[in-house]
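Enquirer: I am attaching a structure below and will ask some questions about it afterwards.
Bear in mind these aren't lab numbers, they're just calculated from the coordinates by the rules spelled out. Remember, predicted model here, so these are calculated numbers, not experimental data. Neighbour counts are summed over all protein chains in view; Cβ atoms, including those assigned to glycine, are modelled from backbone coordinates with ideal geometry.
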Amino acid sequence: MKKHNYSAGPCILPQEVFQKSAAAILDFNGSGLSILEISHRSKDFIAVMEQARALALDLLGLTGKGYQALFLHGGASLEFLMTPYNLMTKAGKAAYLETGTWAAGAIKEAKAFGETVVVASSKDQNFSYIPKDYTVPTDADYFHCTSNNTIFGTQMKTFPNTGIPMVCDMSSDIFSRQMDFSKFDLIYAGAQKNMGPAGVTLVVVKESILGKTGRQIPNMLNLQQHIEKESMYNTPPVFAVYTSLLTLQWLKNLGGIAAIEQINNAKAELLYNEIDRNPLFKGTAVNEDRSVMNATFVLADESHAPVFDEMWKAAGISGLTGHRSVGGYRASMYNALPLESVQVLVDVMREFEQKVSG
Ligand SMILES: *Cc1c(COP(=O)(O)O)cnc(C)c1O
């Protein structure tokens, strides 16, 4: 039986994507060859890369606006380093908003590189909220933020107008909600949260911000180099790129980000309503900053955990355990998670209430 998969990442992908990518492992496009054994320079694979790059920009509404989409190795974690490498000038500085563990990881890499200003942090409350009152220094080379804090279940609903290049780690909510993506100059996202399998990172960059650091950048870390080589500087992670393309096509056919946003909002509303209604549960993120993708919650009485855990596991739910730094539970409701799976969880929460209080 297929599980109701709440894994935070690598995560659920659409079933039809699994079927198509599995078929391509055996026979890609009727070629008699597996996607895993063809040259990345073959006509067929070049078409995959071109389509994936174009469709990513198309879905984000960035076609023809001076942006390039790249599919790179190294995960979002390598982008923590590539960002200062490509954008921080020799005597310059960078500004960061610290909203969680991943943001802190990005800050650590930038600090090793040059002057790094943390404009605000919610570390004082275990990252349960998004700081709102801060000013971004206008003389910084760029401002970096994290749109969705996967571990803590908070999400930025608004973004500041900084007047300087804006960089955003969108690993866990890209393609999940409508935004004016042209507000950002550099967006990156590890594929394994909302786009595809692990092993590839989407980088969307406005070309005009590059080439200003005055430093030598190693080729593999140089975004301009990757643009020139059309995202094939070296052998790309072909299977991860292909599967990401299938997910993007699935999303496009569904009606794009506008359509999935409605479904995602319905899922989040269903679950948060139950968390708020059910006296046995408490949300851990402040209400106004709650994430539509990752809902974090705990039991009002921890001693009930064995009962609840047995119940959700018996209902075919997987991956609900919270991150070790927060504890409790985390329901990751990425694009491919159906509304029915959320209903199953909500039903279990109600039955649990009856069992414990009844
Ligand atoms: C998972 C995650 C990362 C780390 O991604 P990797 O691809 O594993 O390096 C970074 N930022 C956010 C917001 C994440 O959710």
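Enquirer: With no solvent and one equal point scatterer placed on each C-alpha of the range 256-357, evaluate the Debye formula and give log10 I(q)/I(0) for q = 0.10, 0.16, 0.20 Å⁻¹, two decimals.
Expert: Log10 of I(q)/I(0), two decimals: -0.25, -0.65, -1.03.
Enquirer: Another question, then. For a protection proxy built on the mean count of beta-carbon atoms within 10 angstrom, sort 88-98, 298-308 highest first, please. Display every interim value, and only then the final one.
Expert: Details: 88-98: 19.6, 298-308: 13.0.
Descending packing order for the listed peptides: 88-98, 298-308.
Enquirer: Please give the net charge around F71, taking every other residue with its beta carbon less than 13 angstrom from that of F71, where Lys and Arg add +1 and Asp and Glu add -1. Write out the running numbers ahead of the final one.
Expert: On the way: positive: R53, K229; negative: E50, E79, E230.
Taking every other residue near F71 into account, the sum is -1.
Enquirer: List, in the order given, every pair from K123/K206; K65/K267; K20/K65; K132/K206; K111/K229; K193/K282 whose Cα-Cα distance in the structure shown is over 28 Å.
Expert: Numbers: K123/K206 31 Å; K65/K267 33 Å; K20/K65 32 Å; K132/K206 26 Å; K111/K229 30 Å; K193/K282 25 Å.
K123/K206; K65/K267; K20/K65; K111/K229, as the Cα separations exceed 28 Å there.
Enquirer: Just subtract the alpha-carbon distance of K212 and Q224 from 0.36 nm times their residue separation and send over the number in nm, one decimal.
Expert: On the way: separation 12, 0.36 × 12 = 4.32 nm, distance 1.11 nm.
Stretched out fully, the K212 to Q224 stretch lengthens by 3.2 nm.
Enquirer: Calculate one ³J(HN,Hα) per residue across the range 155-167 by plugging θ = phi - 60° into the Karplus curve 6.51 cos²θ - 1.76 cosθ + 1.60, and present them in order as whole Hz with x for glycine and proline.
Expert: Once θ is set to phi - 60°, the couplings for the range 155-167 become 9, 6, 8, 10, 10, x, 8, 9, x, 10, x, 10, 10 Hz.
Enquirer: Let me ask you something else. Sorted by mean Cβ packing within 10 Å, highest first, what order do the peptides 146-157, 118-129 take?
Expert: Details: 146-157: 25.1, 118-129: 17.2.
Ranking the peptides 146-157, 118-129 by packing returns 146-157, 118-129.
Enquirer: Counting only residues 5 or more places away or on other chains, whose amide H sits under 5 Å from the amide H of K157 once H atoms are built in the peptide plane?
Expert: The list, which skips near neighbours in sequence, is empty: none.
Enquirer: What does the charge add up to near S291, with Lys and Arg as +1, Asp and Glu as -1, over the other residues with Cβ less than 11 Å from its Cβ?
Expert: That sum, taken over residues with Cβ under 11 Å, equals +2.
Enquirer: Using the per-residue mean of other Cβ atoms lying within 10 Å as a proxy for protection, in what order, highest first, do the peptides 315-321, 47-53 fall? Intermediate results must be reported in sequence, preceding the final value.
Expert: On the way: 315-321: 16.4, 47-53: 18.7.
Descending packing order for the listed peptides: 47-53, 315-321.
Enquirer: Right, here's the next one. What is the sum of charges, Lys and Arg at +1 and Asp and Glu at -1, for the other residues whose Cβ falls under 10 Å from the Cβ of N264? Each step should come with its number before you reach the end.
Expert: Values: positive: R177, K267; negative: D173, E261, E269.
With Lys, Arg at +1 and Asp, Glu at -1, the net is -1.
Enquirer: Another question, if that's okay. What is the order of F143, F281, fewest Cβ neighbours within 10 Å to most? Before the final figure, lay out each step's value.
Expert: Details: F143 25, F281 19.
Fewest-to-most ranking of F143, F281: F281, F143.
Enquirer: Follow-up. Say the dipole of the chain comes from +1 at the beta carbon of Lys and Arg and -1 at that of Asp and Glu; which of M293, S128, S208 then lies farthest toward its positive end?
Expert: Working it through, the farthest residue towards the positive pole turns out to be S208.
Enquirer: Here is a further query. Residue by residue through the range 336-343, which ³J(HN,Hα) values in whole Hz follow from phi under the Karplus form 6.51 cos²θ - 1.76 cosθ + 1.60 (θ = phi - 60°), with glycine and proline marked x?
Expert: In residue order, the calculated couplings are 7, 6, x, 4, 4, 5, 5, 4 Hz.
Enquirer: Something else now. Give me, ordered by chain and number, the residues 5 or more places off F28 or on other chains with an amide H under 5 Å from its own placed amide H.
Expert: L33, S34, I35
Enquirer: Residue by residue, what Karplus-based ³J(HN,Hα) values in Hz, rounded to whole numbers, does the range 124-140 have, using 6.51, -1.76 and 1.60 with θ = phi - 60° and x for Gly and Pro?
Expert: These are the phi-based 3J(HN,Hα) values: 4, 10, 6, 6, 8, 8, 9, x, 10, 9, 7, 10, 9, x, 6, 9, 7 Hz.
Enquirer: Based on the Cβ-Cβ distance from R350 to N161, what FRET efficiency comes out when R0 is 56 Å, to the nearest 0.05?
Expert: Numbers: r = 44 Å, r/R0 = 0.78.
Result of the calculation: an efficiency of 0.80.
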